[in-house]
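> Okay, handing you the structure first.
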Amino acid sequence: MNNSTEYILYLKDVHKIYNDKIVLDDIDLAVSKGEFCTVVGPSGCGKSTLLRLILGQEQPSSGKILMTGKPIQLPSPDRGIVYQKYSLFPNLTILKNIMLGKELALPFIGRRRAKKKIRNEAMHYLGDVGLAEHAEKYPYQLSGGMQQRVAIAQALIMKPKILMMDEPFGALDPGTRENMQLMILKLWEENRMTIFFVTHDLEEAVFLGTRILILSQFYLHENGNEGEVQNGARIVADYPLESFAPSSTKVKETAEFGKLIQNIRYEGFDPEYFQHAARFNLEHSDSFQTLKGE
């Protein structure tokens, strides 16, 4: 990571401390344009904190975070975000929900002509997420999966350089979740956008990503002592992955996929290796996906 300008996202020696608690400890990361980067780790290890730093919602306690070689200081449309809990205005149609962000940024002069262009763009992205025929419906008329598609279209219309996703499919049923996985892979394959995707589901992370990062506060120190809860999280494993886009989810049932999951689980999650799987939050709805044996 010698030349930060080569990467769309570059973190060097990043620490985040709240009061006396170290949350992130010495994070180094370089992400190239077009990577689909997935992030997994124990509950409370700092995954969402890392996202907030990249979004510019918070500043690191030390270290630097650069985007295309420039420091990230404030939130910007060049970093879009999709959360697990979608936020749609119930009194606006789906089309108007998607248009709203760009409309608010319009200058007063030439507003009418610009709104027509934004409408066309919104319809384009509704088509991309498979909801063009639902443009005039209201949020309450859509299923959870459909509303999450709207949230993705809301982010895409701002044309972000990096699309950040914080457990976006975690609240969906398994069938809808797999459909959403295939949809986001299709969008990534067509546009080669850079995606930074946080999930508790190791299977999902491997299926989607071209690269997987394992973030954990449980690791072996340089002196050989095991990490304790008060330690800040580090990236304990970083693997390149072969993208499965735009494959069927049936690839998850293959021996090759299963072996890859086992290898990553051992090197990233085995209590005898990097961290203590026993200290995961087993009450989390997705924890079994990360820790279950094959």
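> Of all residues in region 37-63, which are farther than 14 Å from Tyr10 by Cα and among the aliphatic types (A, V, I, L, M)?
Val39, Val40
> Need the failing condition index for His134 against (1) in the same structural domain as Thr194 (by TED's automatic domain parsing); (2) surrounded by fewer than 20 Cβ atoms within 10 Å (Cβ to Cβ), just the number.
(1)
> Please work out which one of (1) part of a helix (DSSP H, G or I); (2) surrounded by fewer than 20 Cβ atoms within 10 Å (Cβ to Cβ); (3) at pLDDT 90 or above is the condition Glu190 fails and give its number.
(3)
> Let me ask another. Select from region 36-52 the residues that are outside any helix (DSSP H, G or I) and out of contact with any strand residue (DSSP E or B) (no Cβ under 7 Å at 6 or more places or on another chain) and list them in ascending order.
Listed by number, the residues that qualify are Ser43, Gly44.
> So which pairs qualify, if the first residue must be in region 26-53 and without any contact (Cβ under 8 Å) to a residue 12 or more places away in the chain, the second must be acidic (Asp, Glu), the Cβ gap must be under 7 Å, and the two must be at least 6 apart or on different chains?
Taking only residues 6 or more apart or on different chains, the pairs are Arg52/Glu58.
> Here are some residues: Leu11, Leu66, Leu74. Which one is buried (at least 21 other Cβ atoms within 10 Å of the Cβ), in the same structural domain as Val198 (by TED's automatic domain parsing), touching a residue at least 12 places away in the same chain (Cβ under 8 Å) and more than 24 Å from Gln181 (Cβ to Cβ)?
It is Leu11.
> If you don't mind, there's one more thing I want to ask. Which residues, counting only those in region 36-46, are surrounded by fewer than 23 Cβ atoms within 10 Å (Cβ to Cβ) and out of contact with any His (no Cβ under 6 Å at 6 or more places or on another chain)?
Within region 36-46, Gly44 is the sole residue that qualifies.
> Please indicate, with yes or no, whether at least one residue in region 53-60 is closer than 30 Å to Tyr138 by Cβ, out of contact with any Phe, Trp or Tyr (no Cβ under 6 Å at 6 or more places or on another chain) and not in a strand (DSSP E or B).
Among the residues of region 53-60, at least one is closer than 30 Å to Tyr138 by Cβ, out of contact with any Phe, Trp or Tyr (no Cβ under 6 Å at 6 or more places or on another chain) and not in a strand (DSSP E or B), which makes the answer yes.
> When the residues of region 77-103 are filtered to those that are among the hydrophobic types (A, V, I, L, M, F, W, C) and loosely packed, with under 15 Cβ neighbours inside 10 Å, which remaining residue is nearest to Tyr18 (Cα to Cα)?
Of everything passing the filter in region 77-103, Phe89 is nearest to Tyr18 (Cα to Cα).
> Sticking with this one: Examine region 169-180 for a residue that is buried (at least 22 other Cβ atoms within 10 Å of the Cβ) and either touching a strand residue (DSSP E or B) at 6+ places or on another chain (Cβ under 7 Å) or outside any loop (DSSP other than H, G, I, E, B) (or both), and state whether such a residue exists.
no
> With the checklist (1) modelled with pLDDT of 90 or more; (2) over 12 Å from the mean Cα position of the chain (by Cα); (3) in the same structural domain as Ser32 (by TED's automatic domain parsing) in hand, flag the one item Pro168 doesn't pass.
(2)
The values are calculated or read from the model by the stated rules, or taken from the named source; none is laboratory data. On a predicted model such as this, the values are computed, not experimentally measured, just so you know. So basically every Cβ, Gly included, is an ideal-geometry build from the backbone, and we count neighbours across all protein chains shown.
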